[in-house]
There are 2 protein chains.
Amino acid sequence: MPFAVPGASPMIKKFSNNPILRPEEVIPSRPDFEVLAVFNPGATIHAGDVLLLARVAERPLPKPGHVATAFLNLESGKIEPLYVPLDDPDLEMNDPRVFRYQERDYLTSISHFRVARSTEGRKFEIAEGPSYLPATAYEAFGVEDPRITQLGDWYYLTYSAVSPMGVLTALARTRDFLNFERMGNIFAPDNKDVAIFPEKIADRYYAFHRPSLKHLGQPSMWLASSRDLLDWGRHEFLIGPRPGKWDSQRVGCGAAPIRTQAGWLQLYHAADENIRYCTGAILLDLESPSQVLARSEEPFLVPDQNYECVGFMPNVVFHSGLTVNGSDELALYYGAADDKICGATVSISKVLASLREQ
Amino acid sequence: MPFAVPGASPMIKKFSNNPILRPEEVIPSRPDFEVLAVFNPGATIHAGDVLLLARVAERPLPKPGHVATAFLNLESGKIEPLYVPLDDPDLEMNDPRVFRYQERDYLTSISHFRVARSTEGRKFEIAEGPSYLPATAYEAFGVEDPRITQLGDWYYLTYSAVSPMGVLTALARTRDFLNFERMGNIFAPDNKDVAIFPEKIADRYYAFHRPSLKHLGQPSMWLASSRDLLDWGRHEFLIGPRPGKWDSQRVGCGAAPIRTQAGWLQLYHAADENIRYCTGAILLDLESPSQVLARSEEPFLVPDQNYECVGFMPNVVFHSGLTVNGSDELALYYGAADDKICGATVSISKVLASLREQ
């Protein structure tokens with residue numbers, strides 16, 4: 001039975017069994033690796049189960065006096081460990097997620113996707129091995145943060161493909177979550193946080209995307225559309241950060257939007273000056289989804305539990321998957337502190353009522 | 001008569017009448033503005049003339065003790081000057097091209113495009129007024145660096161649309177260079193240096209693009225393709241900077257590629273650690289343009305003349321337009337020091353012979 005969490009918005013009910021997946025429950029993909037994090041899952045209903053496609057971040061087992069990482073070696077076609085002595089003069093470390101060695105950048109972990117299933121959406125069993133491993137030059141540093149959209153019989157994954165060439169968004173599809181078909185790069189780097197709408201509008205597919213900008217501009221949500229899911233255009237700015245608010249620094253979409261009578265309800269994550277990540281929502285016109293009808297003044301999913309405030313990146317809730325239960329409930333699946341997966345339910349009507357008209 | 005410039009590569013012949021366009025020859029778009037620069041032109045043959053579509057950068061006339069800029073006010077629909085006192089505590093200036101005021105970024109100039117014509121390609125007459133002015137929210141800070149590709153009766157322009165939302169690439173077309181049809185945003189920010197191939201390959205249009213990356217990766221040339229010029233996909237990495245060489249920091253395409261028997265010849269600009277911009281070339285497979293067959297070890301167009309070494313951005317040659325003269329000569333049109341336009345001729349066969357197989 002979920003219960004209202006003290007201090008949190010009353011419209012959200014976090015699962016009593018949070019975190020529902022922790023790194024220590026996940027078997028590494030190979031014996032010489034360790035799992036650092038399981039987080040930021042896509043979610044859908046598949047074969048009667050609630051299915052999560054979790055991001056699993058790993059690194060080679062630690063070796064004293066070294067920083068360790070792994071990457072897809074394109075010549076061997078294998079994921080290979082790399083150990084760099086901490087006193088190597090060619091090593092530069094300024095960020096817990098990235099280091100620089102011999103004038104090349106590396107991530108401190110490599111991520112793959114793994115299926116977890118549940119009959120009731122609360123207690124999940126995660127697969128013993130990877131479901132989707134990095135396999136192309138664009139994925140040499142890993143695959144990250146999948147969103148799932150079902151279109152007919154197919155489940156489409158949009159995810160970040162990370163490599164020395166940048167962070168771009170790739171597309172793949174599956175029917176069974178065992179065999180996946182790669183469909184290529186759909187948004188050029190730097191671009192992430194892409195979710196495809198669950199139906200066409202006026203004969204075009206729509207998707208949110210989130211360019212990361214080097215020069216002018218801030219990390220904002222954009223909308224694009226496509227005839228075939230492969231070629232995308234008609235890029236339009238949708239929403240950006242708002243100074244002084246909970247979403248002052250960056251915004252990006254969560255899971256795919258939900259059709260409601262009032263419009264497309266789209267949850268989004270945002271960070272403020274303190275790199276505190278929360279979740280709010282926007283409401284978009286059903287026929288013209290670039291029209292923003294309403295927006296959260298305050299987030300309804302905030303990091304206020306120990307498991308959200310302590311971890312790899314403290315004070316982060318990052319919603320990327322959801323399922324719809326009945327007529328008014330959403331089950332949200334989210335990364336907590338960038339290393340665990342948690343769940344919460346929220347009332348659609350309460351979220352809609354909380355939005356302020358734009 | 002052109003002559004070989006001492007110290008430059010012998011295969012390039014800079015025009016003896018360089019610079020062929022200077023800011024002082026350009027009439028401002030309005031009496032309260034001044035022209036800072038005329039540079040980075042697209043080029044084509046139109047109605048028997050060599051036509052340049054030049055970028056003209058302007059700012060409001062200087063006022064002592066102030067920094068001046070102008071931007072498209074979306075409410076009035078007009079380009080409006082903005083003067084900020086240099087001692088205003090809300091002003092931050094660190095770059096000659098950008099300043100920050102009241103927590104917003106501004107450029108120090110606003111650019112439009114202007115047609116210049118020549119019967120013989122050396123002596124140009126520039127229009128008395130703008131040909132293409134910023135007109136959309138995505139162009140609020142200006143339009144920049146057009147490339148022109150002729151496809152049938154239409155001349156397509158790809159250009160940078162600059163606004164507080166970022167730097168993206170927009171598409172427009174014209175038949176007469178008097179009336180232009182805007183076709184929307186084709187590459188999301190940050191993306192610039194886009195040129196469309198002059199013919200389809202296997203029923204798809206191709207274009208180079210150049211994402212500017214915030215996190216991993218360096219400014220590199222990518223290839224994308226499209227069925228209709230509006231929706232683009234199949235993004236592929238093409239070439240990146242090479243450490244220790246003339247193109248060590250950034251690369252981006254010049255004008256649209258030229259079909260040769262050996263392959264697509266594509267000129268590109270690049271900068272090194274000293275922000276010295278030069279031009280070299282790559283050769284791409286005719287059927288599979290993502291295959292790089294050969295590349296310049298050394299640039300053939302380098303800033304070595306006074307008009308290229310002194311100006312708004314010293315030591316910059318930025319090629320963005322060309323015409324083909326006869327069977328073996330290219331006339332290159334380029335920005336010099338980011339404030340004038342120059343020209344040079346080069347032999348196609350000599351460029352091809354200079355490339356090193358990859």
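Please treat every number below as a calculation from the coordinates, not as lab data. What you see is a predicted model, and the numbers here were worked out from it, not measured in a lab. Methodologically, a virtual Cβ is constructed for each residue, glycine included, from the backbone with ideal geometry; neighbour enumeration extends over all protein chains shown.
Structure values in brief
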item	result
Highest to lowest packing among B:244-255, B:283-294, B:67-78, scored as the average C-beta count within 10 Å	B:244-255, B:283-294, B:67-78
Inter-chain shielding of B:51-57 (mean C-beta neighbours from other protein chains, 10 Å cut-off)	0
Mean Cβ count within 10 Å, highest first, over the residues of peptides B:150-158, A:186-194	A:186-194, B:150-158
Exposure proxy ranking, count of Cβ atoms within 10 Å, fewest first, for A:TRP222, B:TRP232	A:TRP222, B:TRP232
For the protein assembly as shown, with +1 on Lys and Arg beta carbons and -1 on Asp and Glu, the positive-most of A:PHE141, A:LEU53, A:PRO85 along the dipole	A:LEU53
Integer Hz, Karplus 6.51/-1.76/1.60 couplings in order for the stretch B:215-220, x for Gly and Pro	9, 5, x, 10, x, 10
Formal net charge of residues neighbouring B:GLY280 (Cβ-Cβ distance under 14 Å; K, R +1; D, E -1)	+3
Size of charge dipole - the protein assembly as shown - debye, nearest 20, with Cβ of Lys, Arg +1 and Asp, Glu -1, no other charges	660
Rounded to whole Hz, the Karplus (6.51, -1.76, 1.60) HN-Hα couplings of the stretch A:99-110, x for glycine and proline	9, 10, 9, 6, 6, 10, 8, 9, 7, 8, 8, 10
Unsatisfied cross-links (Cα-Cα over 29 Å) in the set B:LYS245/B:LYS340; B:LYS63/B:LYS340; A:LYS13/A:LYS200; B:LYS63/B:LYS214	A:LYS13/A:LYS200; B:LYS63/B:LYS214
Computed over the protein assembly as shown, Kirkwood Rh from alpha-carbon pairs, angstrom	26.9
Inter-copy label distances at B:ARG104 (7 Å, Cα→Cβ; nm, one decimal)	4.4
Per-copy distances of the A:GLY244 label point, shortest first, in nm (7 angstrom along Cα→Cβ)	5.5
Gap separating the Cα centres of the stretch A:11-78 and the stretch B:224-269, nearest whole Å	37
For peptides A:35-42, A:79-86, sequence by mean Cβ density within 10 Å, most packed first	A:35-42, A:79-86
Karplus-derived HN-Hα couplings along the stretch B:319-326 (A = 6.51, B = -1.76, C = 1.60, θ = phi - 60°), whole Hz, x at Gly and Pro	7, 9, x, 7, 10, 9, 10, x
Burial ordering of B:LYS63, A:LYS214, fewest other beta-carbon atoms within 10 Å first	B:LYS63, A:LYS214
Shielding by partners - mean other protein chain Cβ count within 10 Å, residues of A:105-112	1
Per-copy distances of the B:ASP176 label point, shortest first, in nm (7 angstrom along Cα→Cβ)	6.2
Shielding by other protein chains, A:204-212, mean Cβ within 10 Å	2
Two-decimal Rg/Rh across the stretch B:13-357, once Rg and the Kirkwood Rh are taken from alpha-carbon atoms	0.95
Computed helical MRE - 222 nm, the protein assembly as shown, DSSP H runs ≥ 4 contributing -39500 (n - 2.57), nearest 500	-500 deg cm²/dmol
Euclidean distance of C-alpha centroids, the stretch A:85-119 and the stretch B:99-145, integer Å	43
Sorted by Cβ density within 10 Å, fewest first, the residues A:PHE318, B:PHE99	B:PHE99, A:PHE318
